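For reference, the structure discussed in these notes is given below.
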Amino acid sequence: MCLRSSSYTSPKPCKHLADYKLRHAFNGYDSLQNCIKTTPIGRTRVDNHNTKIPRCNFCNGYQGRLYICLMCSSISCSIHILLHTQTKSGHDVAIDIERSELYCCLCCDQVYDPDFDKVVVSEQIKGSCPGRSNKRRRLDSGMELDLKKSKQLIAMRDGRAKSCYPLGLRGLNNLGNTCFMNSVLQALLHAPPLRNYFLSDHHNRDECKRRYGEKLCLLCDIGALVSAMFSGDRSPYSPAQFLYSWWQHSSNLASYEEQDAHEFFISVLDGIHEKESKVRNSSKDDGDCQCIAHRAFSGLLRSDVTCTTCGFTSTTYDPCVDISLNLDTVNSFAAAKTGLSTLSGCLNLFTRAERLGSDSKLHCQNCQELRDTSKQLSISRLPLVLCLHIKRFEHSLIRKISRKIDQYLQFPFALDMTPYLSSSIVRSRFGNRIFAFECENSDSSAEYEIFAVIAHSGMLESGHYVTYLHVNNQWYKCDDAWICEVDEGIVRASQCYMLFYVQKLLYYKANKDLSCNVSVESR
């Protein structure tokens, strides 16, 4: 894959979209321009005047994703869109009716084109209503509109948005199935340690360019992204430059295909660590790494493996940047009865002693032979920012099938991690005897407040990620380019996939100091 220079701002379109534009220029865009309508909440969709309810021309279905062909305006569902392309030569590009986004029928993927975005933005401004339209907008940050009236309207709408939304709330354009990236970036950029690190210019982009030239730098592009998010500009931002930097770091994931949000999260933290390790000339295996990724997210897990014959226990410690939890539906009677899981149940399951199978016998140092054992995990050191990953995607190698677990998870906004610390687990196991735990946090640092929730909706193959952010005692939904206020009930009812908590003392202190950091950045 060809990587772009640092001045490049928009992704290269796929071959089929490029061929379409070469043959037909903007004919398809112009013909559908009048069909692009703005909803009362400021979101754009394609409204075909020929029918009130759009239906697939093949199966007459109207649910799920529907696409309208740029060549013939034929409507197809996600199941039959490829069939339409195969039966109609050259009908390769369509528009997602619900989201007003380009879709390549041959790549089976969303594609991004700034020329198409100009059409959408133009129509959205024309049809925007003066009341609530300031809550959601689709506007490319690198785009200049020709009409002075349009610029004035944008300035007016942005002015109203600044009075409504806290600083830092800004939509991110979908660059082609990149909702997984946008959702994680919204959470990461609102994690207080990471946010304050870049707003305080600890990674100086000018100095980095002088030392390393014009090569792509993930830290520089994250810094640019943070600056853009907290600049006060409310028009959605296109994180194309960051996308290319991430592709350079994770070449195996460099495509416009939908990726897993959790895998992307781990990849970004790994990229930050690698870059800072080069700058600091530190070892990657250093357990006390001082890079911002590990200072913010790194914790320590304790694993106790006990021989069931003699009781000898072997203890090991492993660093972690998140904790992956199984849903407790199978192991909890209450969950099976009520049809819901609880976060406390998942954490109890994670820290519960587990008897290893007879085929997993381990060598006991005391018995000096293979013995049956039990294993128990606990948390020896908590991180500043706690990321909990809920395992909703299940893969069976035996059945050769994958599925998504749509189980509802009940989670608290304030979380006490004391019951899951090694001190609590080990003292409970040995009858509350006194043990020394040198690397463990004090109980006061085990109190957490939630600040972000990444939710996944839809199926395993065609789902969608959104992020809910808790800012100034109000919840906001970040759905790619669109931001809107939501009630906490909406957040609690979501199919949470990743939960982000920050230590309570840091949460209040960081929010109080945010204005100071923004002032430093502006200078």
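The values are calculated or read from the model by the stated rules, or taken from the named source; none is laboratory data. Remember, predicted model here, so these are calculated numbers, not experimental data. These accessible areas exclude ligands, DNA and RNA; they are computed on the full protein's heavy atoms, side chains included. Shrake-Rupley method; radii C 1.70, N 1.55, O 1.52, S 1.80 Å.
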Residue hits (the stretch 301-335; open to solvent by 70 Å² or more (accessible area, probe 1.4 Å), under 21 Å from residue 496 (Cα atoms) and either of a type in the set (Gly, Ala, Ser) or at pLDDT 85 or above (or both)) are 326
Just to confirm my filter: which strands (runs of 3 or more DSSP E) fall fully inside the stretch 342-384 and include at least 2 residues that are open to solvent by less than 40 Å² (accessible area, probe 1.4 Å)?
373-381
Would you check which residues across the stretch 447-463 are open to solvent by less than 40 Å² (accessible area, probe 1.4 Å) and over 17 Å from residue 394 (Cα atoms) and list them?
448, 449, 450, 451, 452, 453, 454
